[in-house]
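Encoded as structure tokens, the structure appears first; notes follow it.
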Amino acid sequence: MAIVNFKLQDGSIKAIDAPNGISLLEVAHKNDIDLEGACEGSLACSTCHIIIDEEFFDKLPEASEDEEDMLDLAFGLSPTSRLGCQIIVTDEIDGITVSLPNATRNMMVDKK
Ligand code: FES
């Protein structure tokens, strides 16, 4: 269980009690946070791009090569960018803050 603080595009913070074992993308979806996740976690898009606060970035398991490849395509990439669908909630990330990059909001992705 972890508290995940989502920093929304308008700058406000939404703190969510997230159960272990689900991805940050799922946390966002369950809580009406506007994170797209067009491929639903199959590493075929970059619309679940989030920016992790520095303090926690190093605590996360490293990104796989596939994740890195998709991240390269994300808008507004930052040194602490990750894909939300690849980050699984654990006790270790309690108190993490993740920001939604502004650019993804304007990106239209065809959902079949
Ligand atoms: S939802 Fe597509 S890569 Fe995360």
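We did not get these values from a lab; they are worked out from the coordinates using the rules stated. Here the structure is a predicted model, which means the values were calculated and not measured. Cβ placement follows ideal geometry from the backbone for every residue including glycine, while neighbour counts extend to all protein chains displayed.
What to note about this one:
- Sites residue 92 and residue 43 - FRET efficiency at Förster radius 22 Å, r taken between beta-carbons, to 0.05: 0.50
- Calculated on the Cα set of the chain, radius of gyration then Dmax: 12.6, 38 Å.
- Among beta bridges identified by DSSP and lying wholly in the chain, the antiparallel ones come to about 75 percent.
- Using a Gaussian network model of the chain in which every pair of alpha carbons under 10 angstrom is joined by a spring, one finds that among 67, 54, 36 the greatest mean-square fluctuation is at 54.
- The ranking of 77, 83 by Cβ neighbour count inside 10 Å, starting from the fewest, reads 77, 83.
- Annotation: extensible slack from residue 9 through residue 53 equals 14.3 nm (criterion: 0.36 nm per residue apart, minus Cα-Cα distance).
- The simple spin-label model puts a point 7 Å past each Cα toward its Cβ; for residue 102 and residue 22 those points are separated by 3.0 nm.
- Each residue, residue 34 and residue 68, gets one label point 7 Å from its Cα in the Cβ direction; the gap between the two is 3.3 nm.
- For the chain, the relative contact order comes to 40 percent (Cα pairs under 8 Å, sequence separation of at least 6).
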